[in-house]
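Step one of this worksheet: look at the structure below.
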Amino acid sequence: MISTKIKEATKEAHQTLEKAVILQLKSIRSDKDYAEVLKKFYAYFRAVEQAVAPFITAAILPDRAERRDSSYLKTDIEELGSTVEELPTATAPAIQNVAQAFGALYVLEGSIMGGPYIVQMLQKYGLSKGFNFFSGYGENSGQMWGSFLAVFNAIPQSEADEQEMLQSADDTFSRFGDLFLIEAAV
């Protein structure tokens, strides 16, 4: 199954991103700090959503309209008293087909699984709002992830499709990490 292969193929990029994000999350001490981190998520998720949109249709992913998207991040940013007017530059990976689109979407959808831990961490730091995005699908997060994986695993029709999915997911993790690593290096 591609969902098993992708974990191993993207392990390094995933861990690098996770480490950089956690470092920034641990430095949050105010709504303003939190909004600045969310702007990175918003800029990147929006860029990837735009890149995959031509390929991820309701015919392929029937519950697409019900899935969490960057609008949740925008709501959180505004709830925290900020705006989405000044955003960091985010570059999505090149997406040219359904396999690549699902590789990228795997990263976005998979982020719901860590959301509850992020909410708990931020609450320990005294934050009390801006959790729409990281709350994922609430009690239904596991079910939504499972239904995504069922479609995801049915996408590759060849070894070439699998390779495109793996590379796209790896590129998606890496490019997202770039938003966090640039600041960490400064």
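The values are calculated or read from the model by the stated rules, or taken from the named source; none is laboratory data. In this text, all values refer to a predicted model and were calculated from it rather than measured experimentally. When we count neighbours, we look across all protein chains shown, and the Cβ atoms used for this are built from the backbone with ideal geometry, even at glycine. These accessible areas exclude ligands, DNA and RNA; they are computed on the full protein's heavy atoms, side chains included. Shrake-Rupley method; radii C 1.70, N 1.55, O 1.52, S 1.80 Å.
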Problem set entry | Accessible-area order (highest first, 1.4 angstrom probe) of the listed residues 68, 175 | 175, 68
Exercise. Roughly what percent of Cα-Cα pairs across the chain reach past 28 Å?
Worked result: 20 percent
Exercise. Per-residue HN-Hα couplings for segment 34-42, Karplus 6.51 cos²θ - 1.76 cosθ + 1.60 at θ = phi - 60°, whole Hz, x for Gly and Pro?
Worked result: 4, 4, 5, 5, 4, 4, 5, 4, 4
For this session: Determine the gain in length on full extension of the stretch residue 91-residue 58; use 0.36 nm per residue of separation and subtract their C-alpha separation, reporting nm with one decimal.
Result: 9.4 nm
For this session: Please report, in Å, the Rg and the Dmax of segment 1-89, where both are computed over Cα atoms only.
Result: 15.5, 43
Exercise. What number, rounded to the nearest 500 deg cm²/dmol, is the helix-based mean residue ellipticity at 222 nm of the chain, given -39500 (n - 2.57) per DSSP H run of at least four residues and division by all its residues?
Worked result: -21000 deg cm²/dmol
Exercise. With respect to the cross-link table entries 40/124; 5/26; 7/124; 5/129; 7/32, which display a Cα-Cα separation exceeding 27 Å?
Worked result: 5/26; 7/124; 5/129; 7/32
For this session: Output ³J(HN,Hα) for segment 18-24: one whole-Hz value per residue in order, computed from phi by the Karplus curve 6.51 cos²θ - 1.76 cosθ + 1.60 with θ = phi - 60°, and x for Gly and Pro.
Result: 4, 4, 5, 5, 4, 4, 6
For this session: Report relative contact order for segment 1-143 in percent, whole number only (criteria: Cα-Cα under 8 Å, sequence separation at least 6).
Result: 30 percent
For this session: Give the accessible surface of segment 62-186 per residue, rounded to a whole number of Å², with probe radius 1.4 Å and ligands, DNA and RNA excluded.
Result: 50 Å²
Exercise. Computed from the mean reciprocal separation of all distinct C-alpha pairs, what Kirkwood hydrodynamic radius does segment 90-141 have, in Å?
Worked result: 12.7 Å
Exercise. So what's the angle, to the nearest 10 degrees on a 0 to 90 scale, between helix 159-185 and the longest Cα principal axis of the chain?
Worked result: 20 degrees
Exercise. By per-residue mean of other Cβ atoms within 10 Å, what is the highest-first order of 114-123, 79-88, 42-51?
Worked result: 42-51, 114-123, 79-88
Exercise. Where the accessible area of segment 64-186 is counted over protein heavy atoms with a 1.4 Å probe, how much of it, in %, is carbon and sulfur?
Worked result: 49 percent
Exercise. With axes computed from alpha carbons, what is the tilt in degrees of helix 115-124 against the longest principal axis of the chain, rounded to the nearest 10 within 0 to 90?
Worked result: 10 degrees
